Amino acid sequence: MNNAVSVDDAEHIVLDQQAYGGRGGSTVAADGLLGGTAGAGGTAWSTLAYEWLNQTVGDGVVRNLVARVLASGGMGGAGDGDVDAGLRADGGAGGGAFADLVVSVWQEVSAGLESFGGAGGQSVGGLGGAGGDASGHLSLSQWASDTVTVAWAQVVGGNGGTSEGGSGGHGGSALLNLAAQWLGLGSDSGLQGSASATGGAGAVADARGVGTGGLGGQTSAWTSGGTLGQALNASLDASGGDGGSSSAGSGGNGGTATASLSGRHDSGGLDLSVRVTGGAGGYGTGAGQAGGQGGSATAGSGTVVGRAGASLGIYLAVSGGAGGDAYQGARAGDGGSATISSTALQGSAGATTMLNVSATGGRGGWIFGQGSGGGHGGASSLATSFTAASASPLNAWLSSYGGDAGRLWDGTQSSAITLGNGGDASLLATLSAGGDVYADASAYGGAGGGSTMLTDSNYSAARGGRGGQASGSLLASSTGNGAVTATLSLVGGAAGSSGNRGSSAFAGTAGGVSGTVRGVSGSGDVVVRLDAFGGQGGLGRAAYDGSAGAAVALDNAVSGSTTGYLSLSQGASGGMGGNSTGTGRVGAGGAASSRLIVSDSQASGLALSATAMGGRSGSDLTGSVGANQGGGATAIAVVMLIISFILLLTINLLQAWTRKRAGKK
């Protein structure tokens, strides 16, 4: 369907165009013959382009325009086979959907787009049909004075068809491309928009089947320009489809999710909210099978530019999907990674800028009863570079969380396996502004997998997983003379607990930390702080020892530059040793050292702090600290004030020269 609706002359214009694909035909297996594949659902196309740039129509002023397009693919036909007779009949694929709306008007406008892929057909004895892919494109240009513009878009891939006695169908992908060019005049003008893209879910299979989640929506969103006084508020959500589960086979992988964020706003305030979430893996059942992998989530390249004198707020959250759980001997799936690339959030702003950015790896799949391997936690990676120009302040909260590994729950695990490792977390940020800069950043390694809910009848021979590593680098600077505060917290992931049976069910290894922080200003006060905490050791059961806490060593990890006041502080804390609930020893606390030597010739005042605290050893069943010792601690802070040294030397030389002159007389 293409430009099936139109209007030439009206004050209030409503355009609504909808297209629906037909359902595919069914197929039946009978008389010993295979049923083949059912018919696919019909594809739906709905495209509409409308342009009206005249300010008036007829005798009256055009008040507003409402435009909507919808495309919905048809459902795939059903396949009716015979499981007992081995006769197969596959479900048909869902129909695809494509919606395209292009609007270029002077008037107040409300524009919407909806695109839904058709569901795959169900099957008995064969493959469920794949869900239909869905895509959408919305382009909006508007010039009206003192108006509010509203835009929305929703794109959803079709769900895969279910299967009785076979494999579930794959979910359909979702692709959304959105561009808004808004040039309205007047202090009361504004643009509000929301958009989402969701991959279809993979279907459940009840007999040695696998349903794979559809790909997450790939989105490119929000470009805007304007003049003084207007505001832009936009939200974007991209989600991968969940993988299908199986009661006698492997679960499907979660769909990936990718979003790119680009925006330019030459007028008033700009507020953007973006969520990117990978799909969860489906659970798997049985020896030799596996839970599905969690879908990865990525924020790709993009540039956001705000206008001088206007505020800019950005909320960006990226989360990997959870790994699929494992039953009856299957292997658990790994959590999906979360990545904010170095080019995902870069740009500039001319007034107060607020950044709230997080990356979170997906949790690993759990094992229920017994399994062949634990799911690893997904890694998290956050990298960003942002500049607020002129004398504008910048406030940023940044966090990176590695996913926790899956655990063994209520175990009957007699075979020796190793549970999953916690996800590593990394953070790399460069922030700059002409005014004050406040940056609060943190990175947390995920916890390693361990056994839980163990008794004499619920037992585990599984080794605990490693805690995730946490690393970070933060540079915050004021290109003018603004005050700078830069803080970074690093926490290593806790080690997984031991099992209570077998010969190798040791507790895991605690996660370590590493990082640096620097603050720079012309003459403003600069405060820099780094706190680093080693991961906690794992719990020891039965005859297994608790594992040691992670050691932490900081060596000149903080630095700064200013002609004003400079405060540098770094603290190292060793991880606590693992406890013991049996005859094994408790874990030793992690050692800590903190060394800070500063040579400065600029600062008008200087404050240094270097602290170190060794981790406490674990406790035993009685709650008392065990035989293993706590971690040692060493802290050194040395200040070298070059200006003071030179001044003192000059005074001494002057005094010597004066005495020499007096002696000659």
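Details
- Heavy-atom accessible area ranking, 1.4 Å probe, most first, across Y444, Y459: Y444, Y459
- What the phi angles of segment 285-292 give under the Karplus curve with 6.51, -1.76 and 1.60, with θ = phi - 60°, is a coupling list of 9, x, 4, x, 9, 8, x, x Hz, glycine and proline written as x.
- Our coupling estimate for segment 99-104, obtained by passing each phi through the Karplus curve with A = 6.51, B = -1.76, C = 1.60 and θ = phi - 60°, is 10, 9, 10, 10, 10, 9 Hz, Gly and Pro reported as x.
- Surface calculation, 1.4 Å probe, protein heavy atoms: E51 sits at approximately 130 Å² accessible.
- The peptide list 400-409, 606-615, 133-142, put in order of mean Cβ contacts within 10 Å with the highest first, becomes 400-409, 133-142, 606-615.
- In plain terms, the chain from A607 to S523 could stretch by 28.7 nm, reckoned as 0.36 nm per residue minus the Cα-Cα distance.
- Projected over every direction and averaged, the convex hull enclosing the alpha-carbon atoms of segment 94-176 yields 5.1 nm².
- Pairs of Cα atoms nearer than 8 Å and 6+ residues apart set the relative contact order; for segment 506-629 it is 26 percent.
- Amide H contacts of V28 (H built 1.01 Å from N, in plane; Pro and chain starts excluded): D80 sit under 5 Å, all sequence-distant by 5 or more or on other chains.
- Highest mean packing first, where packing is the average number of other Cβ atoms within 10 Å per residue, the peptides 431-441, 14-24, 506-516 line up as 506-516, 431-441, 14-24.
The values are calculated or read from the model by the stated rules, or taken from the named source; none is laboratory data. The shown structure was predicted, so the numbers you read here are calculated from the model rather than taken from an experiment. Glycine also receives a Cβ, built like all others from the backbone with ideal geometry; neighbour counts cover every protein chain displayed. Quick note on the areas: whole protein, heavy atoms, side chains included, nothing else; ligands and nucleic acids left out. Shrake-Rupley method; radii C 1.70, N 1.55, O 1.52, S 1.80 Å.
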